[in-house]
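Here is the structure we will look at.
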């Protein structure tokens with residue numbers, strides 16, 4: 001009887017902690033659709049007007065799901081955050097940061113969520129005309145990719161805490177982004 005009580009208590013503790021909660025399949029689907037719209041890469045010929053319309057529809061649905069308590073796991077919050085990361089306004093990037101931060105809170109080992117928390121913060125700062133913190137954001141200027149201004153006080157050690165590569169690696173990405181198309 002004592003062993004059964006201990007087992008039941010352990011199961012209850014796991015349920016309470018959310019360890020046995022399943023990820024929300026609709027948030028996962030919306031995330032996969034978001035990523036599929038971008039899989040061709042930053043230099044591809046993409047109908048961004050059509051993608052922007054789908055992005056807005058996905059954000060609206062994510063908002064409904066989150067507001068109704070449909071996000072419960074780290075993966076759920078990460079999926080929701082990524083959809084918001086592809087918004088068009090600073091409040092949407094701020095919401096992506098809030099959602100990604102919640103994903104990290106729920107699972108501190110979720111490297112994708114850590115990176116997204118940093119990237120969404122950077123994107124918000126960039127669109128406010130401020131230097132980014134971590135160096136995750138690139139922008140096309142005069143048909144060439146540039147790394148948006150980066151706050152020089154943020155170290156590579158701090159970047160590593162958020163699963164962001166060192167700034168030198170980020171700068172090397174520019175070579176690939178600006179390489180002539182084959």
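The values are calculated or read from the model by the stated rules, or taken from the named source; none is laboratory data. Bear in mind the structure is a predicted one, so any value in this text is a computation, not a measurement. In this analysis, Cβ positions are derived from the backbone assuming ideal geometry, glycine residues included, and neighbour counts consider all displayed protein chains.
Taking the criterion of being assigned to a helix (DSSP H, G or I) and farther than 15 Å from residue 31 by Cβ, the only residue of the stretch 65-82 that qualifies is 67. Within the stretch 158-182, which residues are within 20 Å of the chain's Cα centre (by Cα), exposed (fewer than 14 other Cβ atoms within 10 Å of the Cβ) and farther than 13 Å from residue 118 by Cα? Result: 169, single match. Taken over the stretch 57-92, residues that are more than 16 Å from the chain's Cα centre (by Cα) and within 22 Å of residue 126 (Cβ to Cβ) amount to 0. Looking only at the stretch 100-123, decide whether some residue is touching a strand residue (DSSP E or B) at 6+ places or on another chain (Cβ under 6 Å) and buried (at least 16 other Cβ atoms within 10 Å of the Cβ). Yes; the residues of the stretch 100-123 include at least one that is touching a strand residue (DSSP E or B) at 6+ places or on another chain (Cβ under 6 Å) and buried (at least 16 other Cβ atoms within 10 Å of the Cβ). Listed conditions (1) more than 14 Å from residue 82 (Cα to Cα); (2) modelled with pLDDT of 95 or more are all met by residue 31, apart from (1).
Annotation note: Cβ proximity below 8 Å between a residue of the stretch 37-60 that is in contact (Cβ under 8 Å) with a residue 60 or more places away in the chain and a residue that is surrounded by fewer than 10 Cβ atoms within 10 Å (Cβ to Cβ) and assigned to a loop (DSSP other than H, G, I, E, B) (sequence gap 6+ or interchain) occurs for 43/181.
Residue count for the stretch 106-124, restricted to those that are farther than 20 Å from residue 30 by Cβ and in contact (Cβ under 8 Å) with a residue 12 or more places away in the chain: 6. Looking at this structure, is residue 44 part of a loop (DSSP other than H, G, I, E, B), closer than 26 Å to residue 122 by Cβ and modelled with pLDDT of 95 or more? Taking the combined requirement at face value, the residue does not satisfy it. Please tell me if residue 144 is over 12 Å from the mean Cα position of the chain (by Cα) and at pLDDT 95 or above. Taking the combined requirement at face value, the residue does not satisfy it.
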